[in-house]
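Shown next, in structure tokens, is the structure this report addresses.
The values are calculated or read from the model by the stated rules, or taken from the named source; none is laboratory data. Please read these numbers as outputs of a predicted model, since none were measured by experiment. Glycine also receives a Cβ, built like all others from the backbone with ideal geometry; neighbour counts cover every protein chain displayed. The area values use the complete protein model at the heavy-atom level, side chains included, leaving out ligands, DNA and RNA. Shrake-Rupley method; radii C 1.70, N 1.55, O 1.52, S 1.80 Å.
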Amino acid sequence: FLDYTSMKTNHASEINFEFLPPRELWEAFQKLLPPPKPKPKGGRPRKLDEKIFTAIFYILRTGIQWKALPRTLGASSTVHDRFQEWESQGFFLKLWAEGLHQYDKLKGLDWEWQSMDGAMTKAPLGRENTGPNPTDRAKKGTKRHVLTEGNGMPIALVATGANRVDFKETKNVLDNIVIERPQPTDEKPQHLCLDKGYDYPEVHELVKEYNYIGHIKTRGEESSAKAKIPGYRARRWVVERTHSWMNRFRRILIRWEKKTANYEAFLHLTCAYITIRAAGVSG
């Protein structure tokens, strides 16, 4: 792994070391990469994958622009090219799926209680899948629709325009669960918790079609139940906590990517970090 000690000694003023990736995240990603292609004709050696991955994660955590990347972590053009290469091959999505498998193996995914909700962010440069943000004076924005399992691990995600209402994306989100969803049974039912924004006939039909037990409540109803029922948990708030976790990654707090695929790649890397760290995998 990268020698951060020498980097701290020589370039302490350039890098915030709190925003470097944990070892276990890189090791999980490294297993997904194919071996480098040989260069029979020679040429400039390929930059180390771990250094490029570190630079990409640093951009995700800090939110800095590509050109502002500290040179210690690599040339911005080289890092961006590798980011595009890995995105096109789906490696960030695969890393998220690997994180969920590791979490399921070590702690167990809670499929019994699932929650879905959307969160809007600004998108000043976004082109694809953006729209007027109703909470930001109709400025250009984007929305991420997230589905979580009972512990808050993200299991599905879709990016749309900020003006896209949540209930219209219900089917799209359910169809994009990253790993295979176990079939619900009478002994192991699956509940889907939603807010009033999903209270439409087509969503109720989807809930039945996908064999969920639906729970659509307002915040007032949940607060009332919490006051009356000892130990009551407002399970829909699990997904809101996950959105809060994701907002700590500054690159997705404001969408600067013009292409949806690039923005989703950063979202997938964020979800991978959340799941792998929660799994407590040691390097």
Rounded percent of accessible protein surface that carbon and sulfur make up, the chain, 1.4 Å probe: 49 percent
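With a 1.4 Å probe and all protein chains left in place, how much accessible area per residue does the chain have, in Å²? Let's see the in-between values first.
Details: 14620 Å² over 283 residues.
That works out to 52 Å² for each residue.
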Residue by residue through region 113-127, what is 3J(HN,Hα) from phi via Karplus (6.51 cos²θ - 1.76 cosθ + 1.60, θ = phi - 60°)? Round to whole Hz and write x for glycine and proline. 10, 10, 9, 9, 6, x, 9, 9, 9, 6, 9, x, 10, x, 10
Is there a quick way to get the dipole size of the chain? I mean about its Cα centre, with the Cβ of Lys and Arg at +1 and of Asp and Glu at -1; what is the value in debye to the nearest 20? 1220 debye
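Taking 0.36 nm per residue of sequence separation and subtracting the Cα-Cα distance, how much length would be gained by fully extending the chain between K37 and Q183, in nm to one decimal? Intermediate values should be presented prior to the final figure.
Details: separation 146, 0.36 × 146 = 52.56 nm, distance 4.09 nm.
48.5 nm is the gain from fully extending K37 to Q183.
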Starting from the amide H of I155, placed 1.01 Å from N in the peptide plane, find each other amide H under 5 Å away whose residue is 5 or more places distant or on another chain. L147, T148, E149
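Evaluate the chain: find the radius of gyration of its Cα atoms, find its Kirkwood radius, and give the ratio Rg to Rh.
1.01
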Extension gain, N151 back to K171 (0.36 nm per residue minus Cα-Cα distance, nm): 5.0 nm
From the helices alone, meaning DSSP H stretches of at least four residues, give me the mean residue ellipticity at 222 nm for the chain, per-run term -39500 (n - 2.57), in deg cm²/dmol to the nearest 500. -12500 deg cm²/dmol
From the phi angles alone, apply the Karplus equation (6.51, -1.76, 1.60; θ = phi - 60°) to region 137-151 and give each ³J(HN,Hα) in whole Hz, x where the residue is Gly or Pro. 6, 6, 6, 4, x, 9, 10, 10, 9, 10, 10, 10, 8, x, 9
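Looking at the chain, which longest stretch skips every one of the trypsin sites (Lys or Arg not before Pro) that is in a DSSP loop with at most 10 other Cβ atoms within 10 Å, leaving the sites themselves out? All intermediate terms of the calculation are to be shown ahead of the outcome.
Working: sites that count: K31, K41, R137.
Between the exposed loop sites, the longest stretch runs 138-283.
State whether region 53-131 is rounded, prolate or oblate according to the following rule on the C-alpha gyration tensor (a ≥ b ≥ c being the square roots of its eigenvalues): a/c under 1.5 gives rounded; otherwise a/b larger than b/c gives prolate, and the remaining case gives oblate. If you can, show how the numbers build up before the last one.
Values: a/c = 2.34, a/b = 1.46, b/c = 1.60.
Oblate is the answer for region 53-131, as a/c is 1.5 or above yet b/c matches or exceeds a/b.
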Please give the contour-minus-distance gain from W245 to K258: 0.36 nm per residue of separation, less the Cα-Cα distance, rounded to one decimal in nm. 2.3 nm
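Can you name the helices of the chain, as whole DSSP H runs, whose Cα span along the helix axis is 27 Å or more and whose Kyte-Doolittle mean is not below -1.0?
Numbers: long enough: 260-279 (28 Å, 0.57).
Once both thresholds are applied, what remains is 260-279.
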